[in-house]
1. Around residue 242, with a cut-off of 15 angstrom between Cβ atoms, what is the net charge of the other residues, counting Lys and Arg +1 and Asp and Glu -1?
2. Run the simple label-point estimate for residue 161 and residue 290 please: 7 Å along Cα→C-beta, distance reported in nm.
3. Can you give the Rg to Rh ratio for segment 55-161, taking only C-alpha atoms and Rh from Kirkwood?
4. When all alpha-carbon pairs of segment 21-87 are counted, what percent fall beyond 14 Å?
5. Percent of Cα-Cα pairs more than 14 Å apart in segment 86-146, please.
6. For residue 118 and residue 61, FRET efficiency with R0 = 51 Å and r from the beta-carbon atoms, rounded to 0.05?
7. By average Cβ neighbour count within 10 Å, what is the ranking of 122-128, 162-168, 78-84 from highest down?
8. Would you kindly state how much longer the chain becomes between residue 97 and residue 189 on full extension, computed as 0.36 nm times their sequence separation minus their alpha carbon distance, in nm to one decimal?
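Derivation of every value follows stated rules applied to the coordinates shown; laboratory data play no part. As the structure is a computational prediction, the values presented were derived from the model and not from experiment. Methodologically, a virtual Cβ is constructed for each residue, glycine included, from the backbone with ideal geometry; neighbour enumeration extends over all protein chains shown.
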Amino acid sequence: MKRPSCQPLAAEWLTRGGLNDNFAAMNEPLSSLRMRAERDGKHISGAERLVPFEQLQDVTIEMVQRALRHTRGQAEQINISVEPIDKADLQFGRLPDLHNNTVQSWQQGRELAAGMLASYGVAQQAVDQAMESLASGAASNGQSMRGAMLIDADSGERLESDPDRGVRVSRMDLSSAAREQLQVQLAAQGLANDHVVEALILAAKVVSAPTLIAELCWSDDPDYLAGYVASSAGGYQRINVLKPFGEERGGRAFFIRCSKDQLGALVNWLERQPFLIERIGRVHPPRQWKDEA
Ligand code: PML
Ligand code: MG
């Protein structure tokens, strides 16, 4: 199948042209369920699911509970949105393989991440821009952004239209069967937690966009030090430490190579395209960085 130049439709080529056994058996309506929580105007947490009607109540309760006992503080304001999904609009995808890189310090972690990004063709100035913005708080008030930065992979220019909000990747999830399989694989490596599952799901959608070269992420939760570099070629390269303990500044940078008039279509796809992941990738055992050197 011919690959369109700047159309984020890779999920179609990665899958079976929209055919889906799991989904075909699932006749009940599917909803996009989204949560966003704040305290003192500061983003605390967010979550995204695609859920069948019968699970809507339970998953909503879980999301609210999570916002109320978050390590970034107890949420004061919680926004929940429920929206019907037209199943004819669904695109289907696969999780990237997870590579579990371990480093001794956050400085080593950032060096490793920068080297990976360079190897995927991201220019040094774009890597520097992303790292500096994530480290110093990418929003204009010096806090973390709710969504992701869009960074030109060559010039390092920031391209998101609202630099406080950024781009919030939305309307994606795992099928129930894939979620169960993933939990088994992650548990075998001691990685079965919400951070890993949700980051893998988000990265799966992100790396499916052809004009998106790579993603860099580290957590904004003060007690969660891990992050990753994701790309279609390299998969999900988890790095166990990318920031010091207690640091609340983190977030995501998407490195893109896309003309400005195609930017709207890319953002719209990331934020609005329903994307269901039915197949998981491999979960590799940990490897110590520089061991192989
Ligand atoms: C977050 O949940 O704040 C982002 C976490 C990214 C790393 C997830 C992992 O692989 O541990
Ligand atoms: Mg967080």
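1. Details: positive: 110, 238, 243, 249, 252; negative: 111, 132, 215, 220, 221, 223, 247, 248.
Here the charged neighbours net out to -3.
2. 4.5 nm
3. Details: Rg = 18.5 Å, Rh = 17.8 Å.
Result for segment 55-161 is an Rg/Rh of 1.04.
4. Details: 1260 of 2211 pairs.
Here the tail beyond 14 Å accounts for 57 percent of pairs.
5. The calculated P(r) of segment 86-146 puts 71 percent of pairs beyond 14 Å.
6. Details: r = 44 Å, r/R0 = 0.87.
In this case the efficiency is close to 0.70.
7. Numbers: 122-128: 19.0, 162-168: 17.4, 78-84: 12.4.
Top to bottom by mean Cβ count within 10 Å: 122-128, 162-168, 78-84.
8. On the way: separation 92, 0.36 × 92 = 33.12 nm, distance 1.35 nm.
Length gained between residue 97 and residue 189: 31.8 nm.
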